[in-house]
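Taken together, the values in this text are just the output of simple stated rules run on the coordinates, not laboratory data. Since this is a predicted model, take the numbers as computed values, not measurements. Glycine also receives a Cβ, built like all others from the backbone with ideal geometry; neighbour counts cover every protein chain displayed.
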Amino acid sequence: MSQADSLQVFTPPADFVSQATISGMEAYRALCAEAEKDYAGFWARLAREHLSWKVPFTRVLDESNAPFFRWFDDGVLNVSYNCLDRNIEAGLGDKTAIIFESDDGSVSRISYRELLARVSRFANALKASGVRKGDRVVIYLPMSVEGVVAMQACARIGATHSVVFGGFSAQSLRDRINDAGAVFLITADGQCRGGKALPLKPIADEALAMGGCESIKKVVVWQRTGADCAMQAGRDVFWGDFVAGQSDVCEPEWVEAEHPLFLLYTSGSTGKPKGVQHSTGGYLLHAVLTMKWTFDLKPDDVFWCTADIGWVTGHTYIAYGPLACGGTQIVFEGVPTYPDAGRFWRMVQDHKASIFYTAPTAVRSLIKAAEATPTVHPRNYDLSSLRLLGSVGEPINPAAWMWFYENVGGSRCPIVDTFWQTETGGHMITPLPGVTPLVPGSCTLPFPGIQAAVVDETGTELDWGKGGILVVKRPWPAMIRTIWGDPERFKRSYYPDDFAGQLYLAGDGAMRDAQTGYFTITGRIDDVLNVSGHRMGTMEIESALVSHPLVAEAAVVGRPDDLTGEAICAFVVLKGVRPEGDAAKKVIKDLQDHVGKEIGPIAKPKDIRFGENLPKTRSGKIMRRLLRSLAKGEEVTQDTSTLENPAILDQLKRNVA
Ligand code: 6R9
């Protein structure tokens, strides 16, 4: 059956269509046709029209060393120039670039001129302490203007930043610093979330003390909470002292289009998190185009992306995209439930946000909160400034979509359900709000120029209506360039031999609607979990568990969860006797805390079950599909004939703590 038969279709409202940058299906089709006809010419035209180049490129796409594709590679530009200076030159110096609202509700506004001055001072300070083009700088900061300043300052001097989410543990921070060989760490004394001050610098100190971070020469500490923090003489410097006396003028470092703008670590199915390397020119192009086409950003919009700068969404749609388009955006330090779960709606009302981009998990938790406490229901707020909503991070279930549409968007605002990944740099499959009839739960059609397809295991494209593997058939400008330090893993992960190295493998399953060809993402096809829109590798969590002295073996799977999308379930074999009752509860808590310490609180397993063994095949492979059924509480109906130890299933089934 077609989606269109079973679900309502929401056609774009006429008043949206009439003003949209890409207006009407004809306009969309024309762009797709242009790309189809002359792929390089299409992207070249856009890169010339939407970016400012110091030295224009003459080469567009170089496929000679595939899959290490190069775009615009003889062109020279600077991202920070494109985000700041060029807006000021266009007369936007006094325009508000950032409306910052802190956890406690205080608000500050930063103009483009002021932002450029702050970025330049910080960039000059970095240069004065010896940070050079191509050096890696790790940023471990809370949501703040300083976070954006630090990222932009790196871009300004051609340093490659790697932002580490402030919720990651010392071990995770250490591993990322070590892998990137970073020379600088930029952090804060602490962070404020939900009315609490949480430490950050002590975690950074712990990371640096672990060994393997010898490349770090300096640690810059932004004083956010004012908490006492130990400062190591010669290494650590407060932000204020670091920038003191620096000029607020800084000539950008002009870099080649392929120069690595940033690394961002993300989870894969095996091994350690991988450092996804992004380019300068191609990445920025996609950030700008998606701001203009998916978000229809206009000069008067107030754009709000609720992501953290520690994730790719916070890179493309906070640190770079909105600024590169001269937009005004909200940056929020806090959490959606503090001081109450009306926080987002109050902020939309107060700042007259017109475009609101968030994650399904946030929507679901706010639905629950609004049901429990009617005063925080969005109907109590004036949300009439909104004209467009967006969703990202995981599939949005139709019920949450409808609630978002009706209660937040007043049945007036299109919702763009944007499918993309850390590796893709920006939106890949998404509605365009003035073009695409919407079907709740579907990310609809590819962004113009993106050649997405659903294939089988041999790489053959499937008929619409059949579920399969999501791939991208041609390289695109904002794609991942490599995995930092591991080009072989890049090839293996994204251009596997199964597809003759010709197709980009996203790692998701998908299906195209039989009639409309709309894409629906059916979830990861590898051992990657999506918990509240955050990617977690099952391997990483298993490694963390087995690093606990009590644990002999562990297997981690996901199970559906109403709030977080997926929840982490761990099946654990302990070294000693299997604990029961309160003793089991205590070990569970210890293990959860241990994983929190090893990776970060987001990786803590929700369920932990103990068994004397794990269900394994005779060749010793853990049968994860059985564990998935157990985690869901399903009857195990799969074939268990290859199982070495069938009795273990009963044990694991009974053993729900
Ligand atoms: C941007 C981001 C990527 C994975 C991706 C997929 C899931 C993201 C989605 C979606 C369905 C959407 N995902 N957006 N699934 N519909 N609109 O989230 O990047 O953290 O790398 O995660 O998230 O499974 O493969 P990242």
P(r) of the stretch 174-243 over all Cα-Cα pairs, binned every 10 Å from zero, in whole percent: 21, 51, 25, 2
Viscosity 1.567 mPa s, 4 °C: Kirkwood-radius Stokes-Einstein D of the stretch 417-548 over Cα pairs, µm²/s: 82
Within the chain, percent of DSSP bridges classed antiparallel, to nearest 5: 60
Unit Cα scatterers, Debye sum, the stretch 422-484: log10 I(q)/I(0) for q = 0.25 Å⁻¹: -1.18
Globularity ratio of the stretch 8-147, using Cα Rg and 2.2 N^0.38 Å: 1.42
Rg over Rh, two decimals, the stretch 191-309 (C-alpha only, Kirkwood Rh): 1.01
Formal net charge of residues neighbouring Gly166 (Cβ-Cβ distance under 9 Å; K, R +1; D, E -1): 0
Where Rh is the Kirkwood radius over Cα pairs, Rg/Rh for the stretch 510-562: 1.19
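Sort out the exposed loop GluC sites (Glu not before Pro) in the chain (DSSP loop, at most 10 other Cβ within 10 Å) and tell me the longest stretch that has none.
Longest gap between qualifying sites, sites excluded: 215-456.
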Share, in percent, of DSSP beta bridges within the stretch 548-629 that are antiparallel, nearest 5: 75
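Once the Cα gyration tensor of the stretch 577-635 is found, what semi-axes does its equivalent ellipsoid get, as square roots of 5 times the eigenvalues, in whole Å, sorted largest first?
Values: eigenvalues 103, 47, 31 Å².
For the stretch 577-635, the ellipsoid semi-axes come out as 23, 15, 12 Å.
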CD proxy at 222 nm, helix term only [per DSSP H run n ≥ 4: -39500 (n - 2.57); per residue of the chain; nearest 500]: -8500 deg cm²/dmol
Total formal charge among the other residues, if their Cβ is under 12 angstrom from that of Leu462, Lys/Arg +1 and Asp/Glu -1: -2
Overall Cα dimensions of the stretch 274-372 - principal axes, largest extent first, Å: 47, 37, 20
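Above 21 Å lies some portion of the pair distances; for the stretch 346-413, what is it as a whole percent of all C-alpha pairs? Numbers along the way, then the final one.
Details: 351 of 2278 pairs.
Looking at the stretch 346-413, the distances longer than 21 Å represent 15 percent of pairs.
Please express the shape of the chain as an equivalent ellipsoid: the semi-axes are the square roots of 5 times the eigenvalues of the C-alpha gyration tensor, given largest first in whole angstrom.
The answer is 36, 31, 26 Å, longest axis first.
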Estimated FRET transfer efficiency when R0 is 30 angstrom, pair Asp382-Phe238 (beta carbons, to 0.05): 0.15
Expected-Rg normalisation [2.2 N^0.38 Å, Cα atoms] applied to the stretch 324-365: 1.24
Neighbour net charge for Lys298 - beta-carbon separation under 10 angstrom, K R +1, D E -1: -1
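Using every Cα-Cα pair within the stretch 87-210, state what percent have a distance larger than 24 Å.
Looking at the stretch 87-210, the distances longer than 24 Å represent 34 percent of pairs.
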